[in-house]
1. Send over a whole-number figure in Å² for the accessible area per residue of the stretch 65-206, probe 1.4 Å.
2. What size of dipole, in debye to the nearest 20, comes out for the chain about its Cα centre when the only charges are +1 on Lys and Arg C-beta atoms and -1 on Asp and Glu C-beta atoms?
3. Carbon and sulfur atoms: what percent of the 1.4 Å accessible area of the stretch 1-128 do they account for?
4. Sort by residue number and report every cysteine in the chain with no other cysteine beta carbon within a distance under 4.7 Å.
5. With the cut-off at 14 Å, report for the stretch 40-84 the share of all Cα pairs above it, as a whole percent.
6. Sorted by packing (mean other beta-carbon atoms within 10 Å per residue), highest first, where do 143-156, 187-200 land?
7. Ratio of the stretch 42-122's C-alpha Rg to 2.2 N^0.38 Å, to two decimals?
8. Can you bin every Cα-Cα distance in the stretch 108-175 into 10 Å intervals starting at zero and give me the percent of pairs per bin, rounded to whole numbers?
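The values are calculated or read from the model by the stated rules, or taken from the named source; none is laboratory data. Everything quoted here is computed from the prediction, not taken from an experiment. Methodologically, a virtual Cβ is constructed for each residue, glycine included, from the backbone with ideal geometry; neighbour enumeration extends over all protein chains shown. The area values use the complete protein model at the heavy-atom level, side chains included, leaving out ligands, DNA and RNA. Shrake-Rupley method; radii C 1.70, N 1.55, O 1.52, S 1.80 Å.
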Amino acid sequence: AVNIDNTARCWGYNVYGQLGNGTITNSSTPVTVSGISEIVSISTGSFHSCALLTDGTVRCWGDNFFGQLGNGATTSSSTPVPVSGISTAVAISAGGNHTCAVLSDGAARCWGFNYHGQLGNSVYPGSSTPVTVSGLSNAVAVSAGVGGDHTCARLANGTVQCWGDNSGGQLGNGTTLNSSTPVSVSDISTAVAISAGGGHSCAILA
């Protein structure tokens with residue numbers, strides 16, 4: 001949760017440090033995330049968390065086995081670490097083992113696990129630092145599948161594009177073929193909100 005004073009508090013399972021308070025002790029009540037303020041929004045993945053700050057930077061903490069903290073390492077952290085090379089973020093989403101951000105110019109960047117192409121940069125090796133999602137512009141929101149391996153973005157014109165795992169048809173393009181670059185979701189042109197789940201996706205229309 002983000003507080004009115006722009007600090008954050010987290011609670012629950014903490015074996016990877018995903019509560020961000022410098023410990024790996026579970027907590028059934030909220031604890032304060034250490035060392036960051038000026039938080040705009042927060043997003044929690046399977047075992048990591050990320051925060052968007054007012055200056056457009058992003059900080060992440062928790063499990064980092066696949067590089068999902070975006071700091072160029074694969075060591076977990078129980079306190080927030082800066083995501084490399086991100087300074088103009090306007091939206092973030094933490095997924096199962098990857099993370100994505102929308103930038104102020106409408107581009108998107110992702111980092112972490114990439115076995116199914118969920119980073120969207122046309123290749124399959126993962127990355128512990130942000131990579132640019134190929135061919136995506138005018139993005140205004142992003143959702144990285146929590147518990148899943150795909151990502152979706154809502155564009156300014158109300159359309160939606162998705163990429164990554166498509167074994168259940170979660171990319172919405174009428175196929176079940178994975179895609180390492182964004183594909184258009186069929187018959188969506190007035191989306192105002194999106195959410196990517198474990199193996200499915202949803203949108204709210206205008």
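1. Result: 39 Å² per residue.
2. 60 debye
3. Whole-percent figure for carbon plus sulfur exposure: 54.
4. When partners are defined as cysteine Cβ atoms under 4.7 Å apart, the chain leaves C10, C202 without one.
5. Tail of the P(r) past 14 Å holds 38 percent of the pairs.
6. Result, highest mean Cβ count within 10 Å first: 143-156, 187-200.
7. Working: Rg = 11.3 Å, N = 81, 2.2 N^0.38 = 11.7 Å.
Normalised Rg, Cα atoms only: 0.96.
8. Final binned percentages: 23, 56, 21, 0.
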